Every structure is written in C-alpha cells, then in structure tokens.
Amino acid sequence: MNKTIKFIIFFIAIFAISFFIPNFAKAATPVTDESSLLSAISSVGDGETITLQNNITVTAPIVIQKQVTIDGNGYTITGSSDWTSTSGNQTMFTAQFSAGKLTLKNINLQNGPKYGVQSYDGATVILNNVSITGFKYGGVLANGGNVEVIDLHLGYNGTGANNGIEIAKGAAATNNPTLTMNGTLTSDSTENVVRVAENDSLTEFTINNTPDTTNKIVLTDDKVVLTDQYNNVIAETSVPDKVTGNADEKKVIVTVMVNEEEIKFTANEGTMITADLVKSHIVLEDNEQIDGFYTSADYTTEFNFNDPLNADTTIYAKISTVEATVPEAEPETEEKDETPKTGVENYLGLAVLVIIFSSTVMISMKKKNIKG
C-alpha cells in the first residue's frame, strides 16, 4: 500500500471520528434516580436530551442555565416531603437567565413546596405533554421569563385557591414575562387557570397565540381569559389595575343570557358580531325557539348588531316554547278483500249451490208423491 492510499485512509478515518463523536455526544442520556438526573443535567451540552427510565423522587430544587430537553418517557418526578431549599428557591425546575431553555415533554410533575416549574428573568420553558399537580404555590411560574404551552394539563395547585400558571416578575428580574399558547391547555379547575400576580415589580407582560393553537389565552381590558377553539370562555381572572397586558388583539367578553344560563365567548374588540354567531353558541331544547336578542332582561330594546363592541357586553336571548303539532288521524276505511279467488274456492261454491238445488228438488218431489 503506497503512501497516497495510506494518507487517504487516514484522512477518511479522522473525518469519520470528527463527524460521529459529536453525534454520539448528543445521544439521549438515560437517568433512573435523582443522582443520575443531576449528573446528566450537569454533563450534557446545549441542545441535548435527557431521558427518564424510571419514576424519580427529588429532594431539592433543580436549576438549569443551558438548553436542555428532559423527556420523561411517561414517568413522574415527585417532590420529596423531606425537601431542602436552595437560596430561598423551592421550585422543582427553574430555567434561569437568557441562556436557560428547558423543554419538558412526556412527563408528570407532582408535589412540591412552591412551583412545579418556572422561567426566570429571560429564560424559556416549553411544556409539551406535561402534567403538573400538587404544588403549594402554583403549577407554572413565568417569573420575568418566557413560557410556551404546547400540551399542558394542570391538576389542582395552590393552597386555599387554585393557581395554575402565574405571570409574575421578581424584584431582581430585569425582563418582563411572556406567555405563549401553541396547542392545548386543560385544567381540573376553572379557578385561576392563568393568573397575573399583583406585586410592585410586575408592570407589564405579553400574551401570544400561535395561528394553529387549540386553546387561546387572550386579554380584555381587565381580564386574562382562557378560551377553547370556538372562543368559548373556559376561565377568566382579573388583571391588576397597574399592570399592562400586551397582545396582538384585544378581546371583549360577550355574555349571552339564555333563561337563567350564562354563555360566554370572546370577540375582537371594535368589531361587530352577528345574530347567527350568537345563535351558534346556544343549544336549544327541541320545543324551544329564539324570538330575538335584547339589551336587558325585560326584552324591551332589541340588541343592535350594527354597533361595534368596545367593551364587555351582555345580550339577553328571548326564548319561547313551541307547542308540538300533532297530525290529525286519517279516518278508518273498510279494507276491501282483494285476495284473488283460487279455482278450489270457485268449485266449492258451485258444489254448495248444486247441493242446495238438489235438496230443494228432492224435497219437492217427495211432497208430490205424498199427495199422489
């Protein structure tokens, strides 16, 4: 083998090693307990994935300042009752500062003394197929950071009152919080599914919705609202007076009163709605009909659908009961026997006539003989 061939083989080997080693480094790192989880977080590089191979109990907060994905593989991370605080932080997972980007997927978080996960001061947290329940302060904290919801289920989190996703800003944080809906958000409670904190540091926050998101988080003048794909209101909470919410579109809440029932949906502020849109949100009984829409419960002034909505609005639907129409029964008619007669039946009738005729003749002849 000459030197040229040896050089080519050597060059190919070096290239292969340089190509494959980084890819091996990015392979998923399996973990089975708290120690191996912490070790994996410490050792993985930016953009790498850690994969759980077991349920895990953790005893202290976990802080992340790199880009990392934790794939729970369907397993659960539980906060221990024997919990150790770290510099006052008692949240299970914290992505911290602009370098921190934590993606949690296919994972369940449960039980802890404060929050399940937080994004702090410019960090990003992405939640994809995540369930969070049993945390005493709340499920998710956007603490001057960015939270993106792709698929999140919230159990009950909070003490005394539910607290699903909290939008806040700590005294030391320099960034304003952002919450982005990019999929599905469900909750076991409709109380405080999304809540804006009231403190001296938070003055501004931003809400985003991707074009294809199923659930939306929207803003009205004084509320943050969770809706379904049809803009029906699922939950709403008040925004503190001194806090400004930013969104692409401001919404208004339309409340439709149907008898004693309230139906709520959102519409774009400054736009007009139609009667057909309102009707699409109402489910009637079979014997009910809508007689009109009004501005008050006494049904004296009809609602004007030509006016744009600039504030939350209540519409009263007048419902009446329709008497079911019973169709008149048709008079009964005697049915004509249209069954065709068979040959046997015809012969039988003829035989009967012959017998009757013969009997009559015989009786007549006997009478003549007696007289004679």
Does Glu204 qualify as being surrounded by fewer than 21 Cβ atoms within 10 Å (Cβ to Cβ) and closer than 30 Å to Ser98 by Cα? yes
Matching residues, segment 200-236, being within 19 Å of Val256 (Cα to Cα) and hydroxyl-bearing (Ser, Thr, Tyr): Thr220, Thr227, Tyr230
Filtering segment 127-137 for residues that are under 17 Å from Ser201 (Cβ atoms) and buried (at least 24 other Cβ atoms within 10 Å of the Cβ) leaves a count of 0
Taking segment 101-117 and the residues there that are without any contact (Cβ under 8 Å) to a residue 40 or more places away in the chain and open to solvent by less than 20 Å² (accessible area, probe 1.4 Å), the one that is farthest from Leu185 (Cα to Cα) would be Gly112
For the subset of segment 253-276 comprising residues that are under 21 Å from the mean Cα position of the chain (by Cα) and of a type outside the set (S, T, N, Q), which member is most open to solvent (accessible area, probe 1.4 Å)? Glu262
Check segment 66-83 and report whether any residue there is at pLDDT below 95, open to solvent by 50 Å² or more (accessible area, probe 1.4 Å) and outside any loop (DSSP other than H, G, I, E, B). no
Residues satisfying the stated conditions in segment 164-182, i.e. open to solvent by less than 10 Å² (accessible area, probe 1.4 Å) and over 12 Å from Gly122 (Cβ atoms): Gly164, Ile165, Ile167, Ala168, Leu179, Met181
Within segment 283-309, residues part of a loop (DSSP other than H, G, I, E, B), modelled with pLDDT under 95 and either of a type in the set (S, T, N, Q) or surrounded by 13 or more Cβ atoms within 10 Å (Cβ to Cβ) (or both) come out as Leu284, Asn287
In this structure, is Thr190 within 15 Å of the chain's Cα centre (by Cα) and either over 22 Å from Ala317 (Cα atoms) or open to solvent by less than 50 Å² (accessible area, probe 1.4 Å) (or both)? yes
Among the residues of segment 45-59, write down those that are buried (at least 16 other Cβ atoms within 10 Å of the Cβ) and either acidic (Asp, Glu) or modelled with pLDDT under 95 (or both). Glu48
Whether any residue in segment 223-240 is among the aromatic types (Phe, Trp, Tyr), surrounded by 15 or more Cβ atoms within 10 Å (Cβ to Cβ) and either under 20 Å from Thr271 (Cα atoms) or more than 22 Å from the chain's Cα centre (by Cα) (or both) is what I want to check. no
Any residue at all in segment 20-29 that is modelled with pLDDT of 95 or more and either within 24 Å of Gly145 (Cβ to Cβ) or open to solvent by 80 Å² or more (accessible area, probe 1.4 Å) (or both)? no
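The values are calculated or read from the model by the stated rules, or taken from the named source; none is laboratory data. Just so we're clear, the structure is a prediction, and the values are computed from it rather than from any experiment. Because the Cβ atoms are built from the backbone with ideal geometry, glycine has one as well, and the counts that use them run over all protein chains shown. Note: accessible area is taken over every heavy atom of the protein model, side chains too, but ligands, DNA and RNA are not part of it. Shrake-Rupley method; radii C 1.70, N 1.55, O 1.52, S 1.80 Å.
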